[in-house]
Amino acid sequence: MPTIEEARKFYPPSDGVHGFDHVERVYHMAEKIGKAEGADLEVIHAAALLHDVEGSAPGKKERANHHEQSADFAAKVLHQEGWPEERIKAVQHCIRAHRYRDIGEAPQSLEAKCLFDADKLDVLGAIGVARTIAYAVMAGTPPYEEPSEQFIKTGIEIPGELHSAYHEYLFKLIKVRERLFTQTARKIAGQRHNFLIQYFEQLKAEMRGEK
Ligand SMILES: [Fe+2]
Ligand SMILES: [Fe+2]
């Protein structure tokens, strides 16, 4: 398995959203959840270090497929290190199943659930707010735009409506807590979820001139 320092070299030097600082947080959080839940920590460590290695920066065409590409990359790295096929597959499953928007491969193994939960905890709380705003800025959309009635009901923007950070909060972040698999992560998510709501509701009030 690559060490943390070896894995760092696979990632772009500055990416405020899916850069290596995110990977390091996910690595430590997945380890914490994995220990509490009794998971295979070697599989979790390898999967966490490599889960966003390919094409995860916003605006890149491959973003939608970054979980598949990162799983392929992981297989190459672990083959070179002589990992048995079965354990490589276990790591690949964790990586393929970490994407929130993809219903293709849901987390089945305990290790995949731990990685999924650790990755999602990183979109909640203060760090989640910082990353969501950074992602919007990098994608050229504002922190806040008044969401349309249609977006609130369906999650689909009307023509010309920008998917602001606030849209992402309504569309995804507010629902993340319910999607977590492990008890350990759900416990950690409680306070982060409340902070997230407080931040985005304050943002909305300020943008409307109400506060
Ligand atoms: Fe990812
Ligand atoms: Fe990630």
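The values are calculated or read from the model by the stated rules, or taken from the named source; none is laboratory data. The shown structure was predicted, so the numbers you read here are calculated from the model rather than taken from an experiment. Glycine gets a Cβ as well: all are built from the backbone with ideal geometry, and neighbour counts include every protein chain shown. Side chains are part of the model used for accessible areas, which takes the heavy atoms of the whole protein and leaves out ligands, DNA and RNA. Shrake-Rupley method; radii C 1.70, N 1.55, O 1.52, S 1.80 Å.
Odds and ends about this structure:
- Solvent-accessible area, 1.4 Å probe, carbon plus sulfur percent, for the chain: 54 percent
- 0 to 90° range, to nearest 10: angle between helix 125-139 axis and the chain longest Cα axis: 80 degrees
- In this structure, the pairs whose alpha-carbon distance is over 21 Å, taken from LYS175/LYS211; LYS35/LYS187; LYS35/LYS113; LYS153/LYS175, are LYS175/LYS211.
- Only helices enter this figure: runs of n ≥ 4 DSSP H residues, each worth -39500 (n - 2.57), summed and divided by the residues of the chain, yield -18500 deg cm²/dmol at 222 nm to the nearest 500.
- Counting only alpha carbon atoms, the long axis of helix 20-37 and the longest principal axis of the chain meet at about 70°.
- Centroid-to-centroid separation of the stretch 143-158 and the stretch 91-142 [C-alpha atoms, Å]: 22 Å
- Local electrostatic count at GLU149 - Lys and Arg +1, Asp and Glu -1, tallied over other residues with Cβ under 12 Å: -2
- Cα-based convex hull volume of the chain per residue, rounded to whole Å³: 119 Å³
- Candidates LEU180, LEU124, LEU115: whichever shows maximal mean-square fluctuation once the chain is modelled as a Gaussian network with Cα springs under 10 Å: LEU180
- Choice from GLY160, GLY190, GLY19 with maximal GNM fluctuation in the chain (Cα, 10 Å cutoff): GLY160
- Residue with peak Gaussian network fluctuation, the chain [Cα springs, cutoff 10 Å], from LYS153, LYS187, LYS172: LYS153
- Estimated translational diffusion coefficient (Stokes-Einstein, Kirkwood radius over Cα pairs, 10 °C, 1.306 mPa s) of the stretch 69-159: 100 µm² per second.
- Charge dipole of the chain about the Cα centre (unit charges at C-beta), most positive-ward option of THR141, LEU170, ALA97: LEU170
- The convex hull around the C-alpha trace of the stretch 94-210, projected and averaged over every direction, spans 7.9 square nanometres.
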